[in-house]
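Comments concern the structure below.
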Amino acid sequence: STLPGTSAVIEGTVGAKGSTGVDSVTYVIDLSGSTAYPNQMDCNGDGVANDKDDFNGDSSVGDVLDCEIASVISLNKSLQQAYGNGIKVSMVAFGSSAEVVDLNGATFVTPGAMDAQGRNVVEHAARNLVSGTAMEYTEKYVGGGTNFDSALQTTLGSLPASGDRWVFMMSDGQSSVSASTLQQLKASGHNARTFGVGDGSSCVGPLTDIASSTGQSCVEVKDPTKLAVYGQELN
């Protein structure tokens, strides 16, 4: 699915609860300081880098975090259009630590959930992710480092106990991940797909270890504007 006016593309299939598809999707998003670079990228796909590419309004135009946010918004709209209330989504922000993002008082919501102000809950929360902090609906500080263990432990602690559960973990950096966390992830039955975003990223090491522990893969995304192209079929 291609969202009109953007370069963010999601390819693949998901299904409603009770089908052969997924029950839940969790976006795990890197807010470390390095996601401010590179910038001046065309995150919305209109052919030019300008204020419209500043998805979180932090005056850093078209940086890695902006393109991560654009990809989350695109995927969320695709899920809403295709499956309505048949799937639940959540969000975890991480840096030096990690926090479950408050989705208007809930951890999981439907992709089309709206708040009292008429805003899509997931999109509003995503647009309020800035370096080191999730600003909405409750401000949560995660710091400027990159801690994969914290990101995964927080994610595992927030997911449903059963069902077909998927994690999309986006990061531009490298960090270590412990053997115990990998074993816990493997035993959980979750599916984790990882994305190394930006020119300085690499799938060599922890990002591949995280994905492969669940039978999935890591993709190097040197151009963050194309991040969501690598959302392959979920199976």
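The values are calculated or read from the model by the stated rules, or taken from the named source; none is laboratory data. Because the structure is predicted, anything quoted here is derived from the model rather than measured. Every residue, glycine as well, gets a Cβ built from its backbone with ideal geometry; the counts of neighbours run over all protein chains shown. Heavy atoms of the whole protein, side chains included, go into the accessibility calculation; ligands, DNA and RNA do not. Shrake-Rupley method; radii C 1.70, N 1.55, O 1.52, S 1.80 Å.
Observations on the structure shown:
- All positions within the stretch 75-92 that are within 17 Å of the chain's Cα centre (by Cα) and surrounded by fewer than 22 Cβ atoms within 10 Å (Cβ to Cβ): 77, 80
- Some residue of the stretch 3-18 being modelled with pLDDT of 85 or more and not aromatic (Phe, Trp, Tyr): no
- In the stretch 139-146 there is no residue matching the filter, namely being part of a helix (DSSP H, G or I) and out of contact with any Cys (no Cβ under 6 Å at 6 or more places or on another chain).
- Residue 202 vs. criteria under 22 Å from residue 34 (Cα atoms) and out of contact with any Phe, Trp or Tyr (no Cβ under 6 Å at 6 or more places or on another chain): yes
- Test: residue in the stretch 166-187 that is surrounded by fewer than 23 Cβ atoms within 10 Å (Cβ to Cβ) and touching a Gly at 6+ places or on another chain (Cβ under 6 Å): no
- The listed residues are 95, 62, and the only one of them that is open to solvent by less than 10 Å² (accessible area, probe 1.4 Å), in contact with a helix residue (DSSP H, G or I) (Cβ under 7 Å, 6 or more places away or on another chain) and farther than 17 Å from residue 25 by Cα turns out to be 62.
- Hits in the stretch 163-196 (condition: touching a residue at least 12 places away in the same chain (Cβ under 8 Å) and small (Gly, Ala, Ser)): 163, 171, 173, 175, 176, 178, 188, 189, 192, 196
- Residue match in the stretch 28-39 (condition: among the hydroxyl-bearing types (Ser, Thr, Tyr), in a helix (DSSP H, G or I), open to solvent by 20 Å² or more (accessible area, probe 1.4 Å) and farther than 22 Å from residue 140 by Cβ): no
- Matching residues in the stretch 98-140 - criterion: being of a type in the set (Ser, Thr, Tyr), in contact (Cβ under 8 Å) with a residue 40 or more places away in the chain and open to solvent by 20 Å² or more (accessible area, probe 1.4 Å): 107, 131
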